[in-house]
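Remarks on the structure that follows.
The values are calculated or read from the model by the stated rules, or taken from the named source; none is laboratory data. The structure displayed is predicted, hence computed values, not measured ones. Every residue, glycine among them, receives a Cβ derived from its backbone with ideal geometry; neighbour counts consider all protein chains shown. Just the protein is used for accessible areas: all its heavy atoms, side chains included, with ligands, DNA and RNA removed. Shrake-Rupley method; radii C 1.70, N 1.55, O 1.52, S 1.80 Å.
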Amino acid sequence: MRSSPPLLCFLVFALWLVVANGSEPTPKVGIYELKTGDFSAKFTTWGARIVSLVVPDKNGKLEDIVLGYDSAMDYLPKKSTTVDVERLVGFLYEDLPHLFDDQGIDRTAYDERVKFRDPITKHDSISGYLFNIALLKKIFRPDFQLHWVKQTGPFDITTRWTMVMTFALLPWKPELVFTGTSIMGINPETGKFCSHVDFWDSITINNYFSSEGLMDVIKQLRIYKTPNLDSPKYQILKRTANYEVRKYSPFVVVETDGDKLSGSAGFNAVTGYIFGKNSTKEKIPMTTPVFTQAVDSEMSKISIQVVLPSEKEMTSLPAPDEEKAKLRKVEGGIAAVSKFSGKPTEDVVREKEKSLRSSLIKDGLRPETGCLLARYNDPGRTKSFMMYAANFRSFRPWIKLEGSGTWGWKEKRTE
């Protein structure tokens, strides 16, 4: 291809213009086009590059003889997108447990513009995010429990947690429980967290603002108490609208044969043990709950149990005087629990068992046979608070579920 003197002069002038414009102290980057006749040239102020040069070929057809980008921004240097996500996973394992303690989280791990969302709260800066944490700490005394952290996308990390909060401003000090997951978004340019979005297990609409989420909070503020007595210790792993998943510590029971899940046969025998009908005549403090337990699907074999104080060990307990009463250590494990109140007729108890079992299956869990009813006052009383508990794993007489080690228990999905 031949070049003419006018074209050379045109190019020299264009290059001078670009260099001069590029030498000005301005952050703007642009593409400029100069035309004369059939000739046209495009230049970018970023590095005085020729982006396009359109000239006629020997047949007079106009062609662009320069390879270049269509946008000026394409000429800007690309920032590294290499992020050590594994390191950030480890960081969250160490940092998040300090969410509500005096140490607090490391704010340097977050962008200044960080998007925080849960069903009823939103903030768009690290300052707002930290303000929300401080407010919760002051009003609710939160207990944050981190279960696991794992990478779920190129720049996403998901956490599973439980948060138990006591609303100290109300006289009855209600306890609010939330469980769920958080998706932590990573800014690939800074390697810092740029978003934190919470999803609660107890509701279906998690987008801000969720009226369902607000109602979930309000419902947990109601006056709701059980006897202030020693009970088996547990950690809530998951709270849905229909049941809770709990991890129980080991405990000891005294038990004997019962007649039915809603019945009280054998109650005097097991309570007699704690009132002194034992080999040392020791009187043992009252506890809750009273359990009735079925180990088969027909619920034909029933036992009734009283929980013994948590500090008691099998080796230190006296033997029962009652021949049919015996001591047994429950090794602890994972259980699903559904709460209800009222008069516990057999029909009501069986319906609650059926409803809980159905909810577990719907959520992809496979319950085994057996169930357990827990009552928090005298089984003979008509007005009582109680809960039905179903077991996943270690409490074999309860409903046992199989499935994935999300919380240390298996959660096997149905097809």
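Key figures for this structure:
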| read-out | value |
| --- | --- |
| Calculated from backbone phi, Karplus (6.51, -1.76, 1.60) coupling profile of region 155-161 in Hz, x at Gly/Pro | 10, 10, 10, 10, 10, 10, 8 |
| Sparse-neighbourhood loop sites, GluC sites (Glu not before Pro) in region 167-226 - DSSP loop, at most 16 other Cβ within 10 angstrom | Glu189 |
| For region 80-221: accessible area per residue (Å², 1.4 Å) | 51 Å² |
| Flagged links, alpha-carbon separation over 18 Å, of Lys219/Lys339; Lys137/Lys238; Lys301/Lys343; Lys326/Lys352 | Lys137/Lys238; Lys301/Lys343; Lys326/Lys352 |
| Value of relative contact order over region 122-240, rounded to a whole percent, pairs C-alpha under 8 Å and six or more apart | 19 percent |
| Candidate aspartates and glutamates - alpha carbon under 14 Å from Lys115, same-chain residues fewer than 8 apart omitted | Asp124, Asp156, Asp198 |
| Proximal aspartates and glutamates to Lys362, defined as alpha-carbon separation beneath 13 angstrom and excluding residues fewer than eight positions away on the same chain | Glu411, Glu415 |
| Karplus-derived HN-Hα couplings along region 181-192 (A = 6.51, B = -1.76, C = 1.60, θ = phi - 60°), whole Hz, x at Gly and Pro | 10, 10, 9, 9, x, 10, 7, x, 7, 10, x, 10 |
| Modelled label reach - Glu282, point 7 Å along Cα→Cβ, region 311-341 residues with backbone N closer than 18 Å | 311-322, 325-330 |
| Set Lys233/Lys312; Lys173/Lys283; Lys35/Lys58; Lys324/Lys354 screened for pairs whose C-alpha atoms are more than 23 Å apart | Lys173/Lys283; Lys324/Lys354 |
| Mean Cα-pair separation over length for region 250-319, i.e. relative contact order, pairs under 8 Å, 6 or more apart, % | 42 percent |
| Sum of side-chain charges, Ile120 neighbourhood, beta-carbon under 12 Å (Lys, Arg +1; Asp, Glu -1) | -2 |
| Mean Cα-pair separation over length for region 145-189, i.e. relative contact order, pairs under 8 Å, 6 or more apart, % | 37 percent |
